[in-house]
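The values are calculated or read from the model by the stated rules, or taken from the named source; none is laboratory data. Fair warning: this is a prediction, and the values are worked out from it, not measured in the lab. Methodologically, a virtual Cβ is constructed for each residue, glycine included, from the backbone with ideal geometry; neighbour enumeration extends over all protein chains shown.
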Amino acid sequence: MLRNLFLTIVAIASLLATPVASEKIEVDLELALLVDVSRSMTERELEIQRQGYAAALMSDEVFAAVQSGPLQRVALTYVEWAGTQDVIVDWMLLETRADLNEFAGVLTTRFDPALRRTSISEALIFGARMIEENKFEGLRKVIDVSGDGPNNQGRPVLQAREAVLSKSITINGLPLMTREGMGSQWHLDDLDFYYQNCVTGGPGSFVIPVLDWQGFKEAVRRKLVLEIGSAPAIGEAMKAQYIAPSDYDCLIGEKIWERNQQIWSEP
């Protein structure tokens, strides 16, 4: 009897002394930035993206957006993706200008260009997993995906999108509608509508098209302010509305890839 009581007391004391593993740091926003580095991107374009995000993070507007939330802190990660994913900056807690500058500094010191296919779908699944497994608990959870072409590898993008949205994660898009990369065989004239209809979704989701690289820095700054400050999307931002797959071919990227493969295999 006394022995059982003693063992019970020891067990309770052990539980009380053990930190609760499930405790997470509360933040206004968990934001995963997923940035395209597939073979259709030139090294110059990859560098423009890094510099654009770094400049935006160090801007007064983005810092003000961080300060505008009830907790005045956000969790951010930066991932480059193509057929696979590479975490360039793992989750960081951003509260001060120094935090934002540190994050931006990493972006401008590590640079590894890649030549791979385009899997938006697997990038979305990867981003959702990173949000689920990190040490933060956000009042809002957002994946921001940028890219210059449609999905052409991995599971269908609609399947991935629905899986992410089912976890109460919003998806925003930054379609890069430029023509500097590998040529017209990969170009999709209505990439903004592809992102709007096939990629993005969730409460307050939006798409901001980038028509030329001169406007990239401003587009990124504005996008981050909208996401971090949770302001309503206006101007160039297109409200992302779900449209039935029958109204837009969300497998267009896979079909373009197959068409080009056939062309290249012809004698």
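Out of the residues in segment 146-167 that are in a loop (DSSP other than H, G, I, E, B) and among the small types (Gly, Ala, Ser), which is surrounded by the fewest Cβ atoms within 10 Å (Cβ to Cβ)?
This residue is SER166.
Going through segment 93-105 one residue at a time, which ones are aliphatic (A, V, I, L, M) and crowded, with 17+ Cβ neighbours inside 10 Å?
Across segment 93-105, the qualifying residues are LEU94, LEU100, ALA104.
Might you let me know whether segment 69-84 holds any residue that is out of contact with any strand residue (DSSP E or B) (no Cβ under 8 Å at 6 or more places or on another chain) and hydrophobic (A, V, I, L, M, F, W, C)?
No, that holds for no residue.
From GLN185, GLN196, which residue is at pLDDT 55 or above, touching a strand residue (DSSP E or B) at 6+ places or on another chain (Cβ under 7 Å) and not small (Gly, Ala, Ser)?
GLN196
Kindly indicate whether any position in segment 75-87 is at pLDDT 90 or above, surrounded by 15 or more Cβ atoms within 10 Å (Cβ to Cβ), within 19 Å of GLY173 (Cβ to Cβ) and aliphatic (A, V, I, L, M).
yes
If you take just the helices (runs of 4 or more DSSP H) that sit entirely in segment 35-124, which of them hold at least 3 residues that are acidic (Asp, Glu)?
43-57
Can you name the residue in segment 90-108 that is touching a residue at least 24 places away in the same chain (Cβ under 8 Å) and in contact with a Phe, Trp or Tyr (Cβ under 7 Å, 6 or more places away or on another chain) and is also nearest to ARG50 (Cα to Cα) among such residues?
LEU107
Might you let me know whether segment 108-116 holds any residue that is under 17 Å from the mean Cα position of the chain (by Cα) and surrounded by 15 or more Cβ atoms within 10 Å (Cβ to Cβ)?
no
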